[in-house]
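Peer 1: I have a structure I would like to understand better, so I am pasting it below and will then ask my questions one at a time.
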Amino acid sequence: METWEAIRSRRNVRSFTDQPIPGDHLDEILEAGRRAPSSRNWQPWDFVVVTSRATLTELSRVHAGAAHVADAAAAVAVVATPVPPGEDRRRGTLYFDLGQATMSMMLAATGLRIGSGHAGVSDQDLARKVLGLPADKFCAYVVSFGYPADRALSMIRHPDRRPLAQIVHREQY
Ligand SMILES: Cc1cc2nc3c(=O)[nH]c(=O)nc-3n(C[C@H](O)[C@H](O)[C@H](O)COP(=O)(O)O)c2cc1C
């Protein structure tokens, strides 16, 4: 799938078939995350890839909106070092950069016709235990990957988005 088609076809997928993701495709998704840009190239991320059904099931309990992780063929936990309180600017940059890596992985997956879905993490203790994270790390997000069980990825003609004319300001706001 070409980039423009992938951009128009990506959507949050929350139910997946049992089909495993080939190893080289999973590697391609991770490589897309690795190549993401970041502020001063600090690359503040680590990725924990999970494919074991038992671990995916445990991981799906880290957040109310993470149930889809239990069904996924694979999940990538996006892990980072917390930014100390008071460093709001750096925290903003951290999340911006983690978001870029996440979106790169999701678009790479879409290009391979693999669905993806975000999950927040509210129970950090559980995430730390399930993922075996060192004490100085936290899990910012979990991303599910797998083949969509509802319908294959295809171009979304009318996305649920604000109209372009409302959000684009030309020359001045
Ligand atoms: C930062 C962030 C956190 C999200 N957390 C969750 C989540 O915990 N569970 C979930 O099912 N979807 C989650 N989503 C997915 C959004 O709900 C989804 O992207 C949005 O509704 C637009 O739908 P679309 O991605 O299908 O276009 C999250 C998305 C973002 C960007």
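Peer 1: Name every residue in the range 1-45 that is loosely packed, with under 15 Cβ neighbours inside 10 Å and of a type in the set (D, E, K, R), in order of residue number.
Peer 2: Scanning the range 1-45 gives Glu2, Glu5, Asp18, Asp24, Asp27, Glu31, Arg34, Arg35, Arg40.
Peer 1: Of the residues Thr102, Thr93, which single one is assigned to a helix (DSSP H, G or I), in contact with a strand residue (DSSP E or B) (Cβ under 8 Å, 6 or more places away or on another chain), among the β-branched types (Val, Ile, Thr) and modelled with pLDDT of 95 or more? Give the steps one after another, and end with the answer.
Peer 2: Details: Thr93 fails: in contact with a strand residue (DSSP E or B) (Cβ under 8 Å, 6 or more places away or on another chain).
Going through Thr102, Thr93 in turn, the sole match is Thr102.
Peer 1: For the range 78-102, give me each residue that is under 12 Å from Tyr141 (Cα atoms) and free of Cβ contacts under 8 Å to residues at least 24 places away in the same chain.
Peer 2: The one that is under 12 Å from Tyr141 (Cα atoms) and free of Cβ contacts under 8 Å to residues at least 24 places away in the same chain: Gly99.
Peer 1: Among the residues of the range 105-118, write down those that are within 12 Å of the ligand (Cβ to nearest atom) and either buried (at least 21 other Cβ atoms within 10 Å of the Cβ) or modelled with pLDDT under 95 (or both). Before you say what the answer is, go through the steps one by one.
Peer 2: Pass one, the range 105-118, residues within 12 Å of the ligand (Cβ to nearest atom): 106-107, 110, 115-118.
Across the range 105-118, the qualifying residues are Met106, Thr110, Gly115, Ser116, Gly117.
Peer 1: Identify the residue in the range 130-173 that is among the aliphatic types (A, V, I, L, M) and part of a loop (DSSP other than H, G, I, E, B) and, among all such residues, is farthest from the chain's Cα centre (by Cα).
Peer 2: To start, the set of residues in the range 130-173 that are among the aliphatic types (A, V, I, L, M) comprises 130-131, 133, 135, 140, 142-143, 149, 152-153, 155-156, 164-165, 167-168.
The next check asks that each one be part of a loop (DSSP other than H, G, I, E, B); those that pass are 133, 135, 149, 152-153, 155-156, 168.
Working: Leu133: 18, Ala135: 22, Ala149: 18, Ala152: 19, Leu153: 17, Met155: 20, Ile156: 20, Val168: 26 Å.
Checked the range 130-173; the qualifying residue farthest from the chain's Cα centre (by Cα) is Val168.
Peer 1: Does any residue in the range 1-28 that is closer than 16 Å to Pro148 by Cα come within less than 9 Å, Cβ to Cβ, of a residue that is more than 16 Å from the ligand (Cβ to nearest atom) and modelled with pLDDT under 95 six or more places away or on a different chain, and which pairs are these?
Peer 2: Correct list of pairs: Ser9/Met1.
Peer 1: Out of all the residues in the range 50-77, which are within 16 Å of the ligand (Cβ to nearest atom), without any contact (Cβ under 8 Å) to a residue 60 or more places away in the chain and not in a helix (DSSP H, G or I)?
Peer 2: The one that is within 16 Å of the ligand (Cβ to nearest atom), without any contact (Cβ under 8 Å) to a residue 60 or more places away in the chain and not in a helix (DSSP H, G or I): Ser60.
Peer 1: Could you list all residues from the range 119-129 that are among the hydrophobic types (A, V, I, L, M, F, W, C) and either away from the ligand (no atom under 16 Å from the Cβ) or in a loop (DSSP other than H, G, I, E, B) (or both)?
Peer 2: At the first step, the residues of the range 119-129 found to be among the hydrophobic types (A, V, I, L, M, F, W, C) are 119, 121, 126-127.
Listed by number, the list holds a single entry, Val121.
Peer 1: May I ask you to list the residues in the range 31-49 that are assigned to a helix (DSSP H, G or I) and either within 24 Å of Arg151 (Cα to Cα) or over 15 Å from the mean Cα position of the chain (by Cα) (or both)? If you could, list the steps in order and put the result at the bottom.
Peer 2: Within the range 31-49, the first condition is being assigned to a helix (DSSP H, G or I), and the residues that meet it are 31-34, 39-41.
Hits for the range 31-49 are Ser39, Arg40, Asn41.
The values are calculated or read from the model by the stated rules, or taken from the named source; none is laboratory data. Because the structure is a prediction, the values reported are computed rather than measured. Note: ideal-geometry Cβ built from the backbone for every residue, glycine included; neighbour counts use all protein chains shown.
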